[in-house]
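K.L.:
The structure is given below, and queries will be raised subsequently.
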Amino acid sequence: MTQHIWNILHSVKDPEIDSVSIVDLGMVNSIKQVEDTIVIELLPTFMGCPALDIIKGNVKKACKEELGTDLVEVNFVYSPPWTSDRLTEGGRDRLKEFGIAPPPKNFTGEEDWQIQCPYCDSPYTSMENLFGPTACRSILYCKQCKNPFEAMKPISTMM
Amino acid sequence: MKVNSPSDIPNPDYKKALLSLLYQLADDDFIIAYRGSEWLGLAPHIEEDVAFSSINQDTMGHATMFYQLLEDLGEGDQDYLAHGRKAAERKNAILLEEVNGPGHYLKEPDYDWAYAVVRHYFYTVAKKVKIDSLKNSSYEPLAEMAIKMNTELYYHLLHWKTWFIQLVNAGGEATSRMNNAIERVLNEFKGVLTLGPLGKEMTLMALIEGEENLTKRWELALQPVFQSTSLSFPPKVDMKKGNGRNGEHTTDLDTALETLSEVYNSNPAATW
């Protein structure tokens, strides 16, 4: 049953990045069955993210469509904290397809953040704005292929 | 001592100190995020508009989480806590409620960017110091939230520090306006650093470190920046207009609440 629900959650996409699922993003902390109710714990990426309520609604909707049940509880929890290392390899690839550079791995906040263009892989990029159209993204420019692009901000408990 | 959930709270004094701390944290973030949001469309350039609104959105998100903790402790619905409470019930520091400048954001805003940079920078440094301390709070739900908030604060700090150093070192009008703003902000900054009448109890219950420690660490965090900009160190803080932790506020808060809760008050029972 739990495996089946994981598969269903693969179909729930980030409302603002529609190629990446909440499983790819590492937002699913646990899936439990408590008596008749399915309890799903999600980790918010950024706390003020306005997409959270939409995601919650979409999870319930997907479960109802696939399982025919309303007995689904979706809770946001903060422990463990979501970090960008929770992205899956598949998730990193799909972010790139969408035009968003994935965050560096094992970021501590001390080192320079090297970002490669998601289109041409060039490291010859410049940061235009650390803050982008959503809380989790920055705006960059590739000096090689001359495309603007976005990058997902690294988030780590080492910062 | 570790308190894992509201049902674990050992005694009424613990709860009283915890509530007092949470109201301060929530109300501080709430009103500074609101003041920040009034800059939307008015910031010096478009990149700043994007960055500042992102920071305000994060900060409002943090306020929501603190109100959520209060709701979990039986203080009422979080929308009510944010929108429904009168000024006298609010515990935010007076500095954070002050207007951005003369005028109104819809009509002839004469807002001072220097004041915004200094207020937000000093506040973010103080918040970082508090959040670092809260990571070890005896109230586990608060400690967990602090760990998460810390990851977002990293970007806010980087942003305000860059503005602060560049403008202080720019010379001319920028430097003199920054110096004026620094003086104004420091005159009220003690109101941000104080933990209010129950501060001692908060420390005793291991909810957060004492305000003397927090103040020291706030100064230390600013030291390298002050020295690189030849500002005199340590900064002297005061609280000239009163202590918001006691519910003392200016009319700036009344007008802010009137504006920000206008929609909520049109129908408090509505679901948005």
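K.L.:
What distance in nm separates the two pseudo spin-label positions at A:D85 and A:Y119, each 7 Å out from Cα along the beta-carbon direction?
P.N.:
If labels sit at A:D85 and A:Y119, their model points lie 3.3 nm apart.
K.L.:
Tally the DSSP beta bridges in the protein assembly as shown and give the antiparallel ones as a percent, rounded to 5.
P.N.:
So the antiparallel bridges amount to about 70 percent of the total.
K.L.:
Follow-up. I'd like the Karplus ³J(HN,Hα) series for segment B:257-265: coefficients 6.51, -1.76, 1.60, θ = phi - 60°, whole numbers in Hz, and an x wherever there's a Gly or Pro.
P.N.:
5, 4, 6, 6, 9, 4, 5, 4, 6
K.L.:
Right, here's the next one. Go through A:S84, A:M152, A:G99 and say which Cα lies farthest out towards the positive end of the charge dipole of chain A; charges sit on Cβ, +1 for Lys and Arg, -1 for Asp and Glu.
P.N.:
Farthest towards the positive end: A:G99.
K.L.:
To the nearest 500 deg cm²/dmol, what mean residue ellipticity at 222 nm is calculated for chain B from DSSP H runs of n ≥ 4 alone, each contributing -39,500 (n - 2.57), summed and divided by the residues?
P.N.:
After summing the helix terms and dividing by residue count, I get -21500 deg cm²/dmol.
K.L.:
Using a 1.4 Å probe, what is the accessible area per residue for segment A:38-159, in Å²?
P.N.:
Result: 47 Å² per residue.
K.L.:
Same structure again: Can you list the HN-Hα couplings for segment B:21-26, worked out from phi with the Karplus curve (6.51, -1.76, 1.60; θ = phi - 60°), rounded to whole Hz and with x for Gly and Pro?
P.N.:
For segment B:21-26, the Karplus curve yields 5, 5, 5, 4, 5, 5 Hz.
K.L.:
Further question: What does the charge add up to near B:E152, with Lys and Arg as +1, Asp and Glu as -1, over the other residues with Cβ less than 13 Å from its Cβ?
P.N.:
Result for the local shell: +2.
K.L.:
Counting protein heavy atoms only and a 1.4 angstrom probe, how many square angstrom of accessible surface do chains B and A bury in total, to the nearest 100?
P.N.:
Between B and A, the summed buried area is about 2100 Å².
K.L.:
Also: Out of the total accessible area of the protein assembly as shown (probe 1.4 Å, heavy atoms of protein only), what percent is carbon and sulfur?
P.N.:
Carbon with sulfur: 50 percent of the solvent-accessible area.
K.L.:
So in the protein assembly as shown, which Cys have no other cysteine's beta-carbon sitting under 4.7 angstrom from theirs?
P.N.:
A:C49, A:C63, A:C136
K.L.:
I would also like to ask the following. Residues of segment B:9-266: accessible area per residue at 1.4 Å, in Å²?
P.N.:
In whole numbers, segment B:9-266 has 41 Å² accessible per residue.
K.L.:
Hey, got the average number of other protein chain Cβ atoms within 10 angstrom for residues in A:128-135?
P.N.:
The per-residue average across the peptide is 6.
K.L.:
Using a loss threshold of 30 Å², tell me which positions in segment B:40-69 are less accessible in the complex than in their chain alone. Probe radius 1.4 Å, ligands and nucleic acids ignored.
P.N.:
Residues meeting the cut-off: B:E47, B:V50, B:S54, B:Q57, B:D58, B:M65.
K.L.:
Related question: Would you kindly find the accessible area of B:V237, with a 1.4 Å probe and non-protein molecules such as ligands, DNA and RNA excluded, rounding to the nearest 10 Å²?
P.N.:
40 Å²
K.L.:
Relative to the first principal axis of the alpha-carbon coordinates of chain B, what is the inclination of helix B:211-228, with its axis defined by its Cα atoms, in degrees from 0 to 90 and to the nearest 10?
P.N.:
That helix lies at roughly 20 degrees to the long axis.
K.L.:
Shifting gears a bit: Roughly how tilted is helix B:140-169, in degrees to the nearest 10 and between 0 and 90, from the longest Cα axis of chain B?
P.N.:
Value to nearest ten degrees: 10.
K.L.:
Could you give the size of the charge dipole of the protein assembly as shown about its Cα centre, using +1 on the Cβ of each K and R and -1 on the Cβ of each D and E, expressed in debye and rounded to the nearest 20?
P.N.:
That gives the protein assembly as shown a dipole magnitude of about 820 debye.
K.L.:
Using only Cα atoms, find the angle between the long axis of helix B:172-193 and the longest principal axis of chain B, and express it within 0 to 90 degrees, rounded to the nearest 10.
P.N.:
20 degrees
K.L.:
Whose amide H sits under 5 Å from the amide H of A:E150, counting only residues 5 or more places off or on another chain, with H placed in the peptide plane?
P.N.:
Under 5 Å from the amide H of A:E150: A:A101, A:L140.
K.L.:
Among all helices in chain A defined by DSSP H, which have a length of 20 Å or more along the axis from Cα atoms plus a Kyte-Doolittle mean of at least -1.0?
P.N.:
A:52-67
The values are calculated or read from the model by the stated rules, or taken from the named source; none is laboratory data. Note that the coordinates shown come from a computational prediction; the quantities given were computed from them, not determined experimentally. All Cβ positions, glycine included, derive from the backbone under ideal geometry; neighbour counts span all protein chains shown. In case anyone asks, the SASA skips ligands and DNA or RNA and just uses the protein heavy atoms, side chains included. Shrake-Rupley method; radii C 1.70, N 1.55, O 1.52, S 1.80 Å.
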